[in-house]
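Structure record follows, encoded as structure tokens.
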Amino acid sequence: MPNHAHYQTETHPILASLVRSDLLNTEQAATYLGVTARTLEVWRCTKRHAIPYIKVGRLVKYRKAELDHWLIQQTIGAN
């Protein structure tokens, strides 16, 4: 018997993209950046920092590559 949940994920492009390994949830992204999840949520809600994120319903996901790009933009004094 096929796994129905697995089938739905494979056939729905948005769901498939959300389970990709390069997408991080808020907690994972915060850990990656070295801040708390609450800090990242505040930055997102107040638009204090323009860190790109994906929102589908209540789900918030961050692409690791976008976090890396944002970190590069925060670098001061680099050539």
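On the stretch given as region 38-52, residues that are surrounded by 10 or more Cβ atoms within 10 Å (Cβ to Cβ) and either more than 13 Å from the chain's Cα centre (by Cα) or of a type in the set (Lys, Arg) (or both) total 7.
Give the residue, chosen from 55, 61, that is of a type in the set (Lys, Arg), surrounded by 11 or more Cβ atoms within 10 Å (Cβ to Cβ) and in a strand (DSSP E or B).
Values: 55 fails: surrounded by 11 or more Cβ atoms within 10 Å (Cβ to Cβ).
Matching residue, one of 55, 61: 61.
Scanning region 45-54 for residues that are out of contact with any helix residue (DSSP H, G or I) (no Cβ under 8 Å at 6 or more places or on another chain) and of a type in the set (Lys, Arg) yields a single hit, 47. When the residues of region 53-79 are narrowed to those that are aliphatic (A, V, I, L, M) and over 13 Å from residue 24 (Cβ atoms), which ends up farthest from the chain's Cα centre (by Cα)? Of everything passing the filter in region 53-79, 78 is farthest from the chain's Cα centre (by Cα).
Rule-based calculations on the coordinates, nothing more; no lab input. Values in this document were obtained by computation on a predicted structure and should not be read as measured data. Glycine also receives a Cβ, built like all others from the backbone with ideal geometry; neighbour counts cover every protein chain displayed.
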